[in-house]
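One structure is given below, encoded as structure tokens.
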């Protein structure tokens, strides 16, 4: 082969198109699936209203407020990342104490659920990005899929009792809609003059009026504190349950403090099953009960749905037997135990003369029917 031919061949090779290997690599880079380049989470979309979201979420521990946007009575904070263990509430003016806050029992994604002041922490058990709404007109909240509209429930009829330290609404109740027990003068416990109980579809309300002289003695005691136990029988039979202090057995006790250092305090309580022993079903600070006092009077609300949910949860967890589920129905029985100066017996209501029945002043539980 001549030298000219060799140079011609080299030139031909040098002029060929470059390899497609690099181009294929570039195409592979361009064709990466989207999930290999996820969009970075931008955080909640806040507004400028007086209401804000706060809780154990977004890696915070109740120390960060996310301000809600307002559109009339509807407030929302969008694009909130939740984990299954997260819990939260909303509050006004980024404050606790006397400032309003709202909590409640979450029901279903996208559906409104009732909330109230000092209600329980909201625990959706969801994992993902959601929008959180508050409807101030209906007193409901909703957790919705991103950019989905909430479905509000019809608002229940307003309760006839407001637990606010103003007891006039108790006097306004119609005769026959509530039960009242007055102290028997021959009982061993003069501390409480009377108690009342009224129930609607959502709450059970308790009212108590104290004997002023006995109340002052409690305030002047070495340990000026008062505890109570709301005793509740849910099944209408009295063989099961605890049989001391009343002439009938009761299944559940809600125990908490209503006075400390001689002053009324907001009532909060622990729910126990009282069938054969003490089994804790719901710890305090879950919104089950709330109570306030003024002068020689005190009133309490009990959330029926939360009460029954705690029982359901305990059965599901194996904490109590399914045979002992016994939720609160339209009819139930109840009474109250009172303790002062630590755990000294102060009163038992309803009570009776020590000359009657067992001779110890115990009385029959009040029979309560739900007002619908």
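General observations
- Failed criterion for residue 151 (all others in (1) surrounded by 15 or more Cβ atoms within 10 Å (Cβ to Cβ); (2) in contact (Cβ under 8 Å) with a residue 12 or more places away in the chain hold): (1)
- Considering the conditions (1) surrounded by 12 or more Cβ atoms within 10 Å (Cβ to Cβ); (2) at pLDDT below 95; (3) assigned by TED's automatic domain parsing to the domain that holds residue 313, residue 160 is excluded by exactly one of them, (3).
- Segment 330-362: number of residues that are surrounded by fewer than 15 Cβ atoms within 10 Å (Cβ to Cβ), modelled with pLDDT of 90 or more and assigned to a loop (DSSP other than H, G, I, E, B): 3
- Boolean, residue 280 is closer than 18 Å to residue 343 by Cα and assigned by TED's automatic domain parsing to the domain that holds residue 330: no
- Criterion violated by residue 280 - all others in (1) more than 29 Å from residue 102 (Cα to Cα); (2) within 18 Å of the chain's Cα centre (by Cα) satisfied: (1)
- Count of residues meeting criterion [surrounded by fewer than 16 Cβ atoms within 10 Å (Cβ to Cβ) and not in a loop (DSSP other than H, G, I, E, B)] in segment 163-179: 2
- Residues in segment 93-128 that are crowded, with 18+ Cβ neighbours inside 10 Å and more than 10 Å from the chain's Cα centre (by Cα): 101, 112, 113, 114, 124.
The values are calculated or read from the model by the stated rules, or taken from the named source; none is laboratory data. Just so it is clear, the structure is predicted and the values come from calculations on it, not from any experiment. Cβ sites come from the backbone with ideal geometry, for glycine too, and all protein chains shown count toward neighbours.
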